[in-house]
Amino acid sequence: MAVDFLPSGDCGLTIQFGHTIDRALSGQIMALRAAVDQAQLAGVIETVPTYRSLLVHYDPLVTSQSALIAALEPLLAHLDNTSDTQSRRWILPVCFDAPFAPDLESVAAHAEMDKQEVIGHLTSIEHFVYMLGFAPGLPYMGDLPERLAIPRRKTPIMGVPKGSVLVATGLTIIYPAVNPTGWHIVGRCPVPIFDLGKADPVLLSPGDHVCFREVDLEQFQDIEAELAAGSYSIEEVKLP
């Protein structure tokens, strides 16, 4: 398999698979990640998948870039894109009511749809988690229809609330904390996707699938109350 090996400082190596954002390429990246984990290569500390590459962090006192490349090449030669990467399907509630979706109308206008059509698209597709980045646990998810591939804002805004669901360039993200953004806010999810109170604070992982379930404002508030009481169960469906 043809890849590019790119040095990333003195303790990182990037294996670049291509130049696009698509699920087939992501499958190759996740398959290599699984193969590296299984091989338990000496000196490897962590693997980080992105849209088009896998970053391997390593201990330079244990291994080197040349040794790591030599160990990776046979793994790449026998890569199985169908290997089990422990993907999961999550069903997350999202409220698209006006207080939580200040940009829904402008996104609908860009797509030449009404607001309910946009919501219909957002709740009918499976959003694929390509990578995490920008903030702890923040998922970059595809793939929206071409009509919803609205460009980013020309002027970013500040103070976007935790749980906000945002779209831009055909992708969807959920904010784990208050942050600025250049994306468009179309809803809010009450379920925390990053929670330091849990043993594993990050809810979503690359390779996961996310479905949005529409809830109204009252249901949103009920879920918040259940979360505060510790009685709400996040809906997870194991993929075959």
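The values are calculated or read from the model by the stated rules, or taken from the named source; none is laboratory data. All values derive from a computational prediction rather than experimental measurement. No Cβ is skipped: glycine too gets one built from the backbone with ideal geometry, and neighbour counts run over all protein chains shown. Remember, those area values only see protein heavy atoms, side chains included, never the ligands or the DNA or RNA. Shrake-Rupley method; radii C 1.70, N 1.55, O 1.52, S 1.80 Å.
Things worth noting here:
- Taking amide H positions as modeled 1.01 Å from N, with prolines and chain starts lacking one, the residues under 5 Å from E214 and 5 or more places away or on another chain are V94.
- Accessible carbon and sulfur surface of the chain relative to its total accessible area, %, 1.4 Å: 54
- The charge dipole of the chain, taken about the Cα centre with unit charges on the Cβ atoms of Lys, Arg (+1) and Asp, Glu (-1), comes to about 440 debye, rounded to the nearest 20.
- Positive-end ranking of L79, A34, G142 along the dipole of the stretch 1-155, with charges on Cβ about the Cα centre, is headed by G142.
- Förster radius 25 Å - calculated FRET efficiency between D37 and D10 (Cβ-Cβ, nearest 0.05): 0.65
- Estimated [θ] at 222 nm from DSSP helical runs (n ≥ 4, -39500 (n - 2.57)) normalised by residues in the chain, nearest 500: -8000 deg cm²/dmol
- Note that the stretch 194-203 has calculated 3J(HN,Hα) couplings of 9, 9, 5, x, 9, 4, 10, x, 9, 6 Hz, one per residue in order, obtained from phi through the Karplus relation 6.51 cos²θ - 1.76 cosθ + 1.60 (θ = phi - 60°); glycine and proline are x.
- Computed over the stretch 127-220: relative contact order in percent, which uses C-alpha pairs under 8 Å that are six or more apart: 31
- Degrees separating the helix 23-39 axis from the principal Cα axis of the chain, which is the longest one: 50
- The charge dipole of the stretch 118-222, taken about its Cα centre with unit charges on the Cβ of Lys, Arg, Asp and Glu (plus for the first two, minus for the last two), comes to roughly 500 debye.
- Normalising the average separation of contacting C-alpha pairs (under 8 angstrom, six or more residues apart) by the number of residues puts the relative contact order of the stretch 1-154 at 19 percent.
- The phi torsions of the stretch 47-60, fed into the Karplus equation with coefficients 6.51, -1.76 and 1.60 and a -60° offset, translate into couplings of 10, 10, x, 10, 4, 10, 8, 10, 9, 10, 8, 9, 8, x Hz, rounded to whole numbers, with Gly and Pro shown as x.
- Cβ charges +1 (Lys, Arg) and -1 (Asp, Glu), total dipole of the stretch 1-106, debye: 200
- Dipole of the stretch 95-224, positive direction: furthest Cα of H110, F96, F212, with charges on the beta-carbon: H110
- Highest GNM mean-square fluctuation among L122, L217, L144, for the chain modelled with Cα contacts below 10 Å: L217.
- Using the Karplus relation 6.51 cos²θ - 1.76 cosθ + 1.60 with θ = phi - 60°, the per-residue 3J(HN,Hα) values for the stretch 174-190 come to 10, 7, x, 7, 5, 8, x, 7, x, 9, 10, 8, 10, x, 8, 9, x Hz, with x marking Gly and Pro.
- Å² of accessible area per residue within the chain, as computed with a 1.4 Å probe and no ligands counted: 49
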